[in-house]
1. Can you say what percent of the DSSP beta bridges in region 103-250, counting only those with both residues inside, are antiparallel? Round to 5.
2. Pull up the DSSP beta bridges for the chain and report the antiparallel fraction as a percent, rounded to 5.
3. So what's the angle, to the nearest 10 degrees on a 0 to 90 scale, between helix 413-424 and the longest Cα principal axis of the chain?
4. How large is the dipole of region 1-64 about the Cα centre if only Lys and Arg carry +1 and Asp and Glu carry -1, each at its Cβ, rounded to the nearest 20 debye?
5. Taking 8 Å as the Cα distance limit and 6 or more residues as the minimum spacing, I'd like the relative contact order of region 291-404 as a percentage.
6. Can you give me the convex hull volume of the Cα atoms of region 262-371, divided per residue and expressed in Å³?
7. How far, in degrees from 0 to 90, does helix 316-329 lean away from the longest principal axis of the Cα atoms of the chain, to the nearest 10?
8. What full-extension length gain, to one decimal in nm, is calculated for Arg53 and Glu305 as 0.36 nm per residue of separation minus the Cα-Cα distance?
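Derivation of every value follows stated rules applied to the coordinates shown; laboratory data play no part. All values derive from a computational prediction rather than experimental measurement. Glycine gets a Cβ as well: all are built from the backbone with ideal geometry, and neighbour counts include every protein chain shown.
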Amino acid sequence: MTTQTMKTRFAPSPTGYLHLGNVRTALFNALLARHGNGRFVLRIEDTDQERSRPEYVAALLEDLRWLGLDWQEGPEIGGPCAPYAQSERAAIYAEYYQRLEAAEQVYPCFCTPAELALSRKAQRAAGRPPRYAGTCARLSAAERQARLERGLQPTLRFRTPPGKPVEFTDLVRGPQRFASDDIGDFIIRRADGTPQFFFANAVDDALMGMTQVLRGEDHLTNTPRQLLLLDALELPAPEYGHLALIVGADGGPLSKREGDLSLRELRAAGYLPEALLNYLARLGHHYAQDGWMELAELAAGFATEHLGRAPARYDEAQLLHGQAEAVRHAVPERLWTWMGAAVHQWVSPVQREEFIATVRPNIRFPVDAAFWAERLFSADLTLSEDSQAVILQAGPEFFIQALAAYAEHGAAYQPLVEALKQRTGVKGKNLFMPLRAALTGETHGPELARILALLPPEAVRQRLEAASLHS
Ligand code: GLU
């Protein structure tokens, strides 16, 4: 027995940069394919000539690669169903228009946008859902010819079969039922000759052998049209699953402030790909297990049964948590590159590893790392207000004793603290806080023992001395 290879796809329209919403769609399709040992296809839906731009194609390829969502067929790598950009598939579509023409399932429509708008308005006013009135469906061959001779550029409309229920089981939303009479005849080729979304998208899914299609809920009402088309063309339909949209904390559409950000913006802010993947994989999808997962684990636990029907609420705190986890799991070389020049200027190669180990639990973004690099390695330490207060409270003698204890024990943290405790009679928070404040200028931050080991002895002495003089 042979079973069909599972195939999923991401089919973006390159009219802008990838945002969290479409990245999540890409991720879910990629995870589904990986889970089923299938193939993940990337197809560029660039039929809208005005809004599609090559730079957006380049950006999305780069973004997907950065995320680690590699495709097994698609742009740059090719595959058995090439080409993978719809703008290059005109000849293929032509063949399928012809089939529909031969079967008289389509007709040229000469209605102008203004006429169509007027008709929709009239239907709405009469309390009817707007659908194509069928004007051009009834033209005789002679009438069509006359219009063509006048140089009118028709669209091509699909003759929706009347009185037909369209039923399918959505992978997320369960059984769906639409009536073809509510749909009306719809355009499959624009007047400029380019294919309409419904057509190119459905034909390509069939020809490219898609078995499952996960896409945004905004496409749910397109599905009956696409199923009617595939039926007319005798092409196989994939299983569709429509993903609940991502909404803001208030349940409304995502705002810019609330995460309607492009992947480029998130990347520029220092988000690591794993943080986004871990977060997005749980945005509208449920895993049995909590906590950090590698891509392979995310795929292993992915199931369409775990996709939610309720809108998925964006939660920045969760994303930030994912980011902290990503930083915790990244190998040092990677973090070093990620930290960038603002850190590299302060930290010498010999201190690199120790610096990363020291600050790792306390940073989420490169700016956080730069903050600590500057705090630890700048010759002039600026004390925060809290630090100044803590230092004053401890008094000069505390730091004179700290200098003496450091002279005896150096960066050996436990013995040093023990000695300081003996010398001053101070313990607990009252001992650690002034030390931390004097050494870092802050009253919070990375582990003190590590800081002590990381700071050059000269800097430790100088900072303790400065604190002893602070009054
Ligand atoms: N190009 C369409 C979009 O970006 C694809 C929809 C689909 O996945 O079928 O919305």
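1. About 75 percent, rounded to the nearest 5.
2. 60 percent
3. 50 degrees
4. Details: 8 positive and 7 negative charges, 84 e Å.
With only Lys, Arg, Asp and Glu charged at Cβ, the dipole is about 400 debye.
5. After rounding, I find 23 percent.
6. Each residue corresponds to 108 Å³ of Cα convex hull volume.
7. It is inclined by approximately 60 degrees.
8. 87.1 nm
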